[in-house]
1. Test of understanding: among GLU91, GLU107, GLU62, which residue is surrounded by fewer than 17 Cβ atoms within 10 Å (Cβ to Cβ), farther than 18 Å from ALA151 by Cβ and free of Cβ contacts under 8 Å to residues at least 40 places away in the same chain?
2. Within the range 12-26, track down each residue that is within 18 Å of GLU52 (Cβ to Cβ) and touching a strand residue (DSSP E or B) at 6+ places or on another chain (Cβ under 9 Å).
3. Can you report the number of residues in the range 113-155 which are in contact with a Gly (Cβ under 6 Å, 6 or more places away or on another chain) and surrounded by fewer than 17 Cβ atoms within 10 Å (Cβ to Cβ)?
4. For the range 67-81, give me the residue count where each residue is part of a strand (DSSP E or B), surrounded by fewer than 18 Cβ atoms within 10 Å (Cβ to Cβ) and in contact (Cβ under 8 Å) with a residue 40 or more places away in the chain.
5. Among the numbered conditions (1) over 23 Å from LYS154 (Cβ atoms); (2) surrounded by 15 or more Cβ atoms within 10 Å (Cβ to Cβ), tell me where GLY50 comes up short.
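Taken together, the values in this text are just the output of simple stated rules run on the coordinates, not laboratory data. This one's a predicted model, so the numbers in the text were calculated from it and none came from an experiment. For neighbour counting, all protein chains shown are included, and Cβ atoms are generated from backbone atoms with ideal geometry for every residue, glycine included.
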Amino acid sequence: MNELDALYRELILDHSKHPQHFGLADASAGEASAGEGRIGESYQKNPVCGDEITLRARVDGETIADVTWEGRGCSISQASASMLADLVAEEGLSRAEAVALIEGFREALRSRGQLELDEDVYGDAAALSGVSKFSARVKCAMLAWVALEDAIAKA
């Protein structure tokens with residue numbers, strides 16, 4: 001294992017053990033007051049391995065204001081959810097930017113190692129590029145991203 005692979009493995013384990021934005025925000029709080037946005041929620045499960053996630057996204061107009069989540073499963077699915085929520089929180093993405101980010105992530109993970117995620121765009125989630133070489137693990141890494149896609153469509 002080279003140094004970069006070891007660093008990525010450590011980053012995945014760290015996000016898995018210390019998840020960011022874990023714990024669902026109150027769904028009624030965002031809808032109770034005018035101007036606080038709409039809440040979209042999505043529950044996703046990977047029937048192959050049992051990973052599951054519930055993700056809530058608060059969308060103010062066209063901007064994703066907040067993403068929170070709860071879930072259980074393997075370190076890859078949990079780290080991916082943590083990395084995604086952290087990325088959205090740091091960037092303050094629009095719906096269109098989030099959809100483009102999700103599509104790029106999906107394309108890289110389906111590439112079987114041919115495409116690498118750009119660390120400048122994907123932040124810590126770039127560490128998940130290597131997952132694309134293991135087709136059985138792609139769904140684990142994609143779970144939160146699919147949940148966000150669904151949640152913002154519902155918001």
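1. GLU107
2. Within the range 12-26, PRO19, HIS21, PHE22, GLY23, LEU24 qualify.
3. 2
4. 1
5. For GLY50, the failing item is (2).
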